[in-house]
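*Asks:* Got a structure for you, written out below as structure tokens; questions coming shortly.
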Amino acid sequence: LFMVFVFTFLILVVIIAIAFFYVSLIISKPPKGRAIEFLQSPSSNKNRIIACIGDSLTHGNIGDCWVESLRNEYPEDTFLNEGINGDVVWQVQQRIEPILACKPDIVILMIGSNDAMASFNKHSGERYKHNNNLPEVPTFESYQRLLPELLDSLSDIPKIALCTIPPLGENPDSAVNQHVKMFNDFIELTASNKNISLIPVSSFLWDDLSSRTYPFRKDYDPKVLPIIKRIYGGMFHHYIFKKSWNDVAKSKGQWILFDQIHLNERGAQVVFNLVKKYISSV
């Protein structure tokens, strides 16, 4: 009986390890249709090139992908997905050249969630600096300096839309969402100062949160182990057990963010609708 238990335990460990490796492989995979791919094999269509630039919220393999929905909606246009998991604004600046070389007609920029998470507390900032090989710990002050510089790099693009960033967790009164609000206030100010379009992702997500049909359960936890548990747990349920991101979110008491950070189908639909409205109007 003991040997049966040991054998069963070892099998379970192997299955969990394989599942962890599989999900890690998904996370590490770059988005489909990046600028580098476009430059290697330019599209023959004569319609618009639209670059969607950001982090995992744009990448769309941790959570639902609103860029893929736009591709389905506008098959004659070319959508470059330049969302990279974990990126802060400094990292986007380092990889801007291939995007510019594609000469996009429109840029949709949503960047700042990782800057907000990294600058929320000391431990998060040090973790981001180490894991992302950054020259400095991200802070709100560095974001204030770097976001306008990034937009200056994009100044030759005919149309630029800057998005506010989603909440972290779904409690409007939490300390982290007051921190996020500081970033969004600056994003709005920057869009005004640069005379570029603003896509109010944050306010529309909060509006959608007001219609939730089940109670809020847990607040955002910035510690690394809970974050890994939430992300990997949600991805296990989606990619292995084939649950929708909405169902994963509901099981955790979340409405738009399945792991308190990334968008489920409901949250991604809000972003899709806003971006669709913008690109249909220009």
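The values are calculated or read from the model by the stated rules, or taken from the named source; none is laboratory data. Only a predicted model underlies this, so the values are computations on that prediction, with no experimental measurement involved. Heads up, the Cβs are rebuilt from the backbone with ideal geometry, glycines too, and the neighbour counts pull from every protein chain shown. SASA here: full protein model, heavy atoms, side chains in, ligands and nucleic acids out. Shrake-Rupley method; radii C 1.70, N 1.55, O 1.52, S 1.80 Å.
*Asks:* Which one, Met117, Met182, Met235, has the greatest fluctuation when you compute a Gaussian network model over the chain with C-alpha springs under 10 angstrom?
*Replies:* Met182
*Asks:* Take the Cβ-Cβ distance between Val282 and Lys181 as r, set R0 to 30 Å, and report the resulting FRET efficiency rounded to the nearest 0.05.
*Replies:* 0.60
*Asks:* Could you work out the per residue convex hull volume over the alpha carbons of the chain, in cubic angstrom?
*Replies:* Enclosed volume per residue, from the Cα hull, is 151 Å³.
*Asks:* Pick from Ile228, Ile11, Ile99: which residue has the top mean-square fluctuation in a GNM of the chain where Cα pairs under 10 Å get a spring?
*Replies:* Looking only at Ile228, Ile11, Ile99, the largest GNM fluctuation is found for Ile11.
*Asks:* Counting only C-alpha contacts under 8 Å and six or more residues apart, can you give the relative contact order of region 81-162 as a whole percent?
*Replies:* Value for region 81-162: 40 percent.
*Asks:* Then there is this: Would you kindly state the longest site-free stretch of the chain, with sites defined as GluC sites (Glu not before Pro) in a DSSP loop (not H, G, I, E, B) surrounded by at most 11 other Cβ atoms within 10 Å?
*Replies:* Here the longest segment lacking exposed loop sites spans 137-282.
*Asks:* At a Förster radius of 35 Å, what calculated FRET efficiency corresponds to the Cβ-Cβ distance of Asn132 and Asp156, to the nearest 0.05?
*Replies:* 0.80
*Asks:* Taking region 163-282 on its own, what percent of its Cα-Cα pair distances exceed 16 Å? Walk me through the numbers on the way to the answer.
*Replies:* Numbers: 4499 of 7140 pairs.
Of the Cα pairs, 63 percent sit more than 16 Å apart.
*Asks:* Suppose every K and R has +1 on its Cβ and every D and E has -1 on its Cβ; what is the size of the dipole of region 1-108 about the Cα centre, in Debye to the nearest 20? Could you put the intermediate results ahead of the total?
*Replies:* Details: 8 positive and 11 negative charges, 46 e Å.
Once rounded to the nearest 20, the dipole reads 220 debye.
*Asks:* Any chance you could look up the accessible area of Tyr232 with a 1.4 Å probe, heavy atoms only, rounded to 10 Å²?
*Replies:* Accessible surface of Tyr232 is approximately 40 Å².
*Asks:* Using Cα positions and a limit of under 25 Å, work out the lysines in reach of Lys243, with same-chain residues fewer than 8 apart set aside.
*Replies:* Reachable lysines: Lys29, Lys32, Lys218, Lys229, Lys252.
*Asks:* Would you work out which of Ser203, Asn114, Ala161 lies farthest towards the positive end of the dipole of region 71-208, given +1 charges on the beta-carbon of Lys and Arg and -1 on that of Asp and Glu, about the Cα centre?
*Replies:* The residue sitting most towards the positive pole is Asn114.
*Asks:* Find the relative contact order for the chain and round it to a whole percent, using C-alpha pairs within less than 8 Å whose residues are 6+ positions apart.
*Replies:* Answer for the chain is 18 percent.
*Asks:* Keeping every protein chain in place, order His262, His123, His238 by accessible area at 1.4 Å, biggest value first, i.e. largest first.
*Replies:* I get His123, His238, His262, largest accessible area first.
*Asks:* Please work out the C-alpha center-to-center distance from region 63-92 to region 209-225 and express it in whole Å.
*Replies:* 25 Å
*Asks:* What is the mean projected area of the alpha carbon convex hull for region 1-150, to one decimal in square nanometres?
*Replies:* Mean projected area for region 1-150: 12.5 nm², to one decimal.
*Asks:* Would you mind computing, in nm to one decimal, how far apart the modelled labels at Ser43 and Lys194 are, each placed 7 Å from Cα along Cα→Cβ?
*Replies:* So the label points at Ser43 and Lys194 sit 2.3 nm apart.
*Asks:* Can you name the helices of the chain, as whole DSSP H runs, whose Cα span along the helix axis is 27 Å or more and whose Kyte-Doolittle mean is not below -1.0?
*Replies:* 2-28, 175-194
*Asks:* Pick from Gln40, Gln178, Gln254: which is most flexible by mean-square fluctuation in a GNM of the chain where alpha carbon atoms under 10 Å apart are linked?
*Replies:* Gln40
*Asks:* How far is it, in nm, from the label point at Glu141 to the one at Lys223 when both lie 7 Å from their Cα along the line to the Cβ?
*Replies:* Computed distance between label sites Glu141 and Lys223 equals 3.0 nm.
*Asks:* Please work out the Cα center distance from region 163-185 to region 102-144, rounded to the nearest Å.
*Replies:* With region 163-185 and region 102-144 each reduced to a Cα centre, they are spaced 15 Å.
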